[in-house]
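Enquirer: This is the structure, below, for whatever I ask next.
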């Protein structure tokens, strides 16, 4: 089978597309999946580069999100059977034509969901829902600002927050992204490419929603955007740290948190997969219900054949993505 393989950590060009050994027969609690589509997440680039917090031993196949068809099941598997159309979240291994996955990490897709949509609805939407509901305890009617709102997690957070009754402020870094998130349903759009961002972002937010500020910030960006976002929070506001796409991990003066009763909250969503899989099941079911109602719809900017993986990964690396980028592993991108 074909797979992308990390022989040693490095840039995107260090990845190799080659014939890879077929997975063995599924063991207890495992299923063998024929992968039809896999989405690319920013952490995948960090895994390839060797800068992510959890790294498998080289050589390995990267990729955290997949959608495909169950080919075989191992002993003890009860919920799934051969032929089921599933999406799955894995620590690594999605960028291969076949992969073994623990049954508890698989979720049967709605019949109306394509493989591409299933892959795109994976980690990004799970992260968005956990950030908003489990961590921020967002309530209907609150004001939520999402940074990096045109990216995978950002756009998912915009859609999920709106579906759950929030007023959404989308923060983006270009005019093209501003038009995109407005078309995707953001109530207000602010820009993070302004000079003197510490003041400029707060001024834009106040102009959009009033001087009280926002109740919740979902931030996958970090750096200067994080610093400026703190200043937009209302009294008792909550900021959920999802990632550091800008590169710089920010530091905070605790006095600011004290005087405004601000909460800083971290989210490592894969911990829920490993420590509280029942919560992941509940959230995934809710996301599927919202999808079937038409409240959520992943925006897939482009689908690349596996052979064009370098172009696909560079699109994410250059932060040029509007929504999600998906790899087609079976030559059936229309599924």
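The values are calculated or read from the model by the stated rules, or taken from the named source; none is laboratory data. Quantities reported herein were computed from a predicted structural model and do not represent experimental measurements. All Cβ positions, even for glycine, are placed from backbone atoms using ideal geometry, and neighbour counts span all protein chains on display.
Enquirer: Among (1) assigned to a strand (DSSP E or B); (2) more than 25 Å from residue 7 (Cα to Cα), where does residue 82 come up short?
Expert: Exception for residue 82: condition (1).
Enquirer: For residue 265, only one of the following conditions fails: (1) on the phi > 0 side of the Ramachandran plot; (2) part of a strand (DSSP E or B). What is its number?
Expert: For residue 265, the exception is condition (1).
So that you can scan it fast, the table gives a plain yes or no per residue for (1) free of Cβ contacts under 8 Å to residues at least 40 places away in the same chain; (2) farther than 18 Å from residue 117 by Cβ; (3) touching a helix residue (DSSP H, G or I) at 6+ places or on another chain (Cβ under 8 Å); (4) in a helix (DSSP H, G or I):
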| site | (1), (2), (3), (4) |
| --- | --- |
| 234 | no, yes, no, no |
| 240 | no, yes, yes, no |
| 255 | yes, yes, no, yes |
| 320 | yes, yes, no, no |
| 325 | no, no, yes, no |
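Enquirer: Let me ask something else about it. Looking at region 294-318, which of the residues that are out of contact with any helix residue (DSSP H, G or I) (no Cβ under 8 Å at 6 or more places or on another chain) and under 22 Å from residue 184 (Cβ atoms) is surrounded by the most Cβ atoms within 10 Å (Cβ to Cβ)?
Expert: Checked region 294-318; the qualifying residue surrounded by the most Cβ atoms within 10 Å (Cβ to Cβ) is 312.
Enquirer: In addition: For residue 263, only one of the following conditions fails: (1) modelled with pLDDT of 95 or more; (2) buried (at least 17 other Cβ atoms within 10 Å of the Cβ); (3) assigned by TED's automatic domain parsing to the domain that holds residue 153; (4) farther than 16 Å from residue 53 by Cα. What is its number?
Expert: Of (1) modelled with pLDDT of 95 or more; (2) buried (at least 17 other Cβ atoms within 10 Å of the Cβ); (3) assigned by TED's automatic domain parsing to the domain that holds residue 153; (4) farther than 16 Å from residue 53 by Cα, only one is false for residue 263: (2).
Enquirer: I've got another one for you. How many residues does region 106-125 contain that are assigned to a helix (DSSP H, G or I) and touching a helix residue (DSSP H, G or I) at 6+ places or on another chain (Cβ under 6 Å)?
Expert: 2
Enquirer: How do the pairs read when you match residues in region 12-27 that are within 16 Å of residue 49 (Cα to Cα) with residues anywhere that are in a loop (DSSP other than H, G, I, E, B), using Cβ under 7 Å and keeping only pairs 6 or more apart or on different chains?
Expert: Pairs that qualify, where the first residue is within 16 Å of residue 49 (Cα to Cα) and the partner is in a loop (DSSP other than H, G, I, E, B), are 14/8; 16/7.
Enquirer: How about region 168-188: which of its residues are farther than 23 Å from residue 126 by Cβ and either assigned by TED's automatic domain parsing to the domain that holds residue 321 or touching a strand residue (DSSP E or B) at 6+ places or on another chain (Cβ under 6 Å) (or both)?
Expert: Those that are farther than 23 Å from residue 126 by Cβ and either assigned by TED's automatic domain parsing to the domain that holds residue 321 or touching a strand residue (DSSP E or B) at 6+ places or on another chain (Cβ under 6 Å) (or both): 178, 182, 187, 188.
Enquirer: Let me ask another. Inspect region 72-85 for any residue being within 30 Å of residue 225 (Cα to Cα) and in contact with a helix residue (DSSP H, G or I) (Cβ under 7 Å, 6 or more places away or on another chain) and give the result as yes or no.
Expert: Restricting attention to region 72-85, the residues satisfying the condition of being within 30 Å of residue 225 (Cα to Cα) are none.
Taking every residue of region 72-85 in turn, none turns out to be within 30 Å of residue 225 (Cα to Cα) and in contact with a helix residue (DSSP H, G or I) (Cβ under 7 Å, 6 or more places away or on another chain).
Enquirer: Among (1) under 29 Å from residue 240 (Cα atoms); (2) buried (at least 23 other Cβ atoms within 10 Å of the Cβ); (3) touching a residue at least 40 places away in the same chain (Cβ under 8 Å), which single condition is residue 137 missing?
Expert: Result: residue 137 passes all but (2).
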